[in-house]
Structures are given as structure tokens and as C-alpha cells.
């Protein structure tokens, strides 16, 4: 089994929707192969900056 660490950076706008679908696809790939993905979602984007004053 091969395991991969993946960072998800959803950002703003459609990025959140697109990244969620990408994570869903990784789950499908996991179910069909011997691959495993460890996905970590990191807050980022304009809205995150406005709320926290931090870029990351």
C-alpha cells in the first residue's frame, strides 16, 4: 500500500467546492486501488485573512 500526504488549500469562491470534489475523488481512488491519501485542509484565502489577519 502506498500512502500519500496531500494538502488541501480551498481558498475562496468555487475553490471550496472544487477542493471538496477533489477530496471525494481521492476517496473513490482509495476504494479502487491500494493507494491511501491523508488529506489535511489548511485555511487560506481572502476570507481567512479578513477573519484572522493571517495569510495561512
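Observations on the structure shown:
- Scanning region 10-32 for residues that are out of contact with any helix residue (DSSP H, G or I) (no Cβ under 7 Å at 6 or more places or on another chain) and in a loop (DSSP other than H, G, I, E, B) yields 11, 13, 14.
- Residue count, region 44-56 (criterion: touching a residue at least 24 places away in the same chain (Cβ under 8 Å) and in a loop (DSSP other than H, G, I, E, B)): 2
- Close pairs from region 9-35: first touching a residue at least 12 places away in the same chain (Cβ under 8 Å), partner surrounded by 13 or more Cβ atoms within 10 Å (Cβ to Cβ) and in a helix (DSSP H, G or I), Cβ under 6 Å, at least 6 apart: 10/16; 10/19; 12/47
Each reported figure results from applying straightforward, stated rules to the coordinates on display, with no laboratory input. Note that the coordinates shown come from a computational prediction; the quantities given were computed from them, not determined experimentally. Every residue, glycine as well, gets a Cβ built from its backbone with ideal geometry; the counts of neighbours run over all protein chains shown.
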